[in-house]
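Take a look at the structure set out below.
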């Protein structure tokens, strides 16, 4: 029962993409989204929420790929 090293490496790459996005999304929300929302500008809130959703997508895809590499699915 050997692990598929290519799948595990691909999963780690997805997780590496997700890591900076995990911190960037909330930082954009706090730094730009909240102050500008008081003035009626909601563009940065939408952008920060999209960045957070993309981060979740890449994290889940990476975790699924890593587990698939370990269990040969």
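The values are calculated or read from the model by the stated rules, or taken from the named source; none is laboratory data. Just so we're clear, the structure is a prediction, and the values are computed from it rather than from any experiment. Positions of Cβ are backbone-derived with ideal geometry, glycine not excepted, and every protein chain shown enters the neighbour counts.
Scanning the range 24-36 turns up no residue that is modelled with pLDDT under 95, surrounded by fewer than 14 Cβ atoms within 10 Å (Cβ to Cβ) and not in a helix (DSSP H, G or I). For the range 26-53, the set of residues classified as within 25 Å of residue 15 (Cα to Cα) and in contact with a helix residue (DSSP H, G or I) (Cβ under 6 Å, 6 or more places away or on another chain) consists of 28, 29, 44, 45, 48, 51, 52, listed by residue number. Cβ-Cβ contacts under 7 Å between residues 6 or more apart (or on different chains), taken from a first residue in the range 1-22 that is under 14 Å from residue 54 (Cβ atoms) to a second residue that is at pLDDT 95 or above and surrounded by fewer than 17 Cβ atoms within 10 Å (Cβ to Cβ), are listed as 14/61; 21/54. Is it the case that residue 20 is modelled with pLDDT under 95, surrounded by fewer than 13 Cβ atoms within 10 Å (Cβ to Cβ) and part of a helix (DSSP H, G or I)? Criteria not met by residue 20.
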